[in-house]
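These notes are about the structure you will find just below.
The values are calculated or read from the model by the stated rules, or taken from the named source; none is laboratory data. Just so it is clear, the structure is predicted and the values come from calculations on it, not from any experiment. Positions of Cβ are generated from backbone atoms using ideal geometry, with glycine treated the same way; all protein chains shown enter the neighbour counts. Each accessible area value is taken on the protein alone, full model and side chains, heavy atoms only, with ligands, DNA and RNA left out. Shrake-Rupley method; radii C 1.70, N 1.55, O 1.52, S 1.80 Å.
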Amino acid sequence: MIPAIGIAAHDAAGPLSPWSFERRDVGTHDVQIAVQYCGICHSDLHTVRGEWGPISYPQVPGHEVVGRVTAVGGSVSGFKVGDLVGVGCMVDSCRVCDSCKEGVEQYCDNGMTGTYGGTEKETGRPTQGGYSTAIVVNQDFVLRVPENLDPAGVAPLLCAGITTWSPLRHWKVGPGSRVGIVGLGGLGHMGVKLAVAMGAHVTVFTTSESKVEDAKRLGAHAVIISKDPKQMKAARNTLDLILDTVSAPHDIEAEMALLRLDGVLCLLGGSPQPHPSPAPFTFILKRRSLAGSLIGGIRETQEMLDFCGQHGITSDIELITAGDVNTAYERMLKSDVKYRFVIDIKTLNA
Ligand code: NAP
Ligand code: ZN
Ligand code: ZN
């Protein structure tokens, strides 16, 4: 077994704190990684606080992981010691169902294994995430990180990046597309950067007046304060695709009305409570669709990382120490993050 230190939740209500545990030994197909940086996703908070259902404790969250390879198993061909690599939200899947064969392992019919909160096939133990000094992952779920990018800024690409990339690609966003991004947090700011790089016209919808200038700096062509009914009304019937990244229940009827003919509202935010349902005619009158999307497959995650390498795209981050995680969670709940907290894991070793 390989000793590791993690930042773990010990119950749903208390603070996270350091916890010593063991990683499985490196198997034939495994890659061992010394974690350098791990992003803090709002899903980490939903999960450890039990908002998405009961979990087992201690639980180390974290699925935006970047580090260097320290050992590889005998059958590993794609990675060697010293490589800069990433791990996202999944560490395994069944490999045989239709979704796995199509390369969309996140939709595995037999259930993919989450980087944390899942069950490790090799040991039967709960998986533990990336707020930790080391991780051991099957080679098929390890990503190559472009060496030209700042590794701390790359970490959030492993969830916030791919979660916005996947629907932008699925709905074929490109020059001429009119895209709306609702909520300018971790996911939202990556959605803006990626949609702009794909050539789309991008409008940000935010509840925070303090983020208007930032949204423009990130490349948005227009910014609307979503609490202002006048601004919302003026934007009706204009958008092809909206990515809704809001983490709490809110009025999606007003968002549906922003879509033009055949437009799609894609829910990404995992509000623990349902949104009030839009009225039938909101859909009927313009053949609008309401959809959802879950992270992204391994192949498309690699495509996204390579695209970011070519275009010099990383997340805007606030680098924090291991001791700052609980404060970061409280600030995230107040929408006070520009635009992703990333833990410097070497401060956990100290
Ligand atoms: P985040 O950084 O906290 O950003 C969420 C943003 O939503 C906030 O910055 C805020 O933006 C807006 N917001 C928050 N509360 C709101 C409210 N009550 N009404 C309206 N707007 C509100 O969170 P994140 O890490 O980007 O994650 C966003 C959500 O996506 C979470 O629920 C997370 O679990 C989920 N998620 C889903 C997937 C997936 O695969 N679908 C993957 C990762 C995360 P403004 O200040 O601009 O209004
Ligand atoms: Zn996430
Ligand atoms: Zn499968």
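For this structure, a couple of remarks:
- Selection of helices (runs of 4 or more DSSP H) fully inside the range 173-250 by the criterion of at least 3 residues being under 20 Å from A291 (Cβ atoms) returns 186-197.
- Qualifying positions in the range 204-217 - under 23 Å from G270 (Cβ atoms) and either open to solvent by less than 40 Å² (accessible area, probe 1.4 Å) or among the hydrophobic types (A, V, I, L, M, F, W, C) (or both): V204, F205, T206, S208, K211, A215
- Some residue of the range 219-226 being within 20 Å of G296 (Cβ to Cβ), touching a residue at least 12 places away in the same chain (Cβ under 8 Å) and open to solvent by 10 Å² or more (accessible area, probe 1.4 Å): no
- The strands (runs of 3 or more DSSP E) located wholly in the range 23-118 that include 3 or more residues which are touching a strand residue (DSSP E or B) at 6+ places or on another chain (Cβ under 9 Å) and away from ligand 2 (no atom under 16 Å from the Cβ) occupy 30-39, 65-72.
- In the range 16-65, of all residues being of a type in the set (F, W, Y) and closer than 23 Å to A328 by Cα, the one that is most open to solvent (accessible area, probe 1.4 Å) corresponds to W52.
- Residue count for the range 74-105, restricted to those that are out of contact with any Lys or Arg (no Cβ under 7 Å at 6 or more places or on another chain), away from ligand 1 (no atom under 16 Å from the Cβ) and under 21 Å from F21 (Cα atoms): 0
- Condition met for R260 (without any contact (Cβ under 8 Å) to a residue 12 or more places away in the chain and either away from ligand 3 (no atom under 16 Å from the Cβ) or of a type in the set (D, E, K, R) (or both)): no
- Residues in the range 136-150 that are in a strand (DSSP E or B) and within 16 Å of ligand 2 (Cβ to nearest atom): L143 only.
- Any hit, the range 274-281, residues being in contact (Cβ under 8 Å) with a residue 24 or more places away in the chain, outside any loop (DSSP other than H, G, I, E, B) and away from ligand 1 (no atom under 14 Å from the Cβ): no
- Flag for S93 being polar (S, T, N, Q) and either at pLDDT below 95 or buried (at least 24 other Cβ atoms within 10 Å of the Cβ) (or both): yes
- Filter pass, E330 being outside any loop (DSSP other than H, G, I, E, B), open to solvent by 50 Å² or more (accessible area, probe 1.4 Å), out of contact with any helix residue (DSSP H, G or I) (no Cβ under 7 Å at 6 or more places or on another chain) and closer than 30 Å to G50 by Cβ: yes
- Per the listing L184, L241, L218, the residue uniquely more than 13 Å from ligand 1 (Cβ to nearest atom), in contact with a helix residue (DSSP H, G or I) (Cβ under 9 Å, 6 or more places away or on another chain) and modelled with pLDDT of 95 or more is L241.
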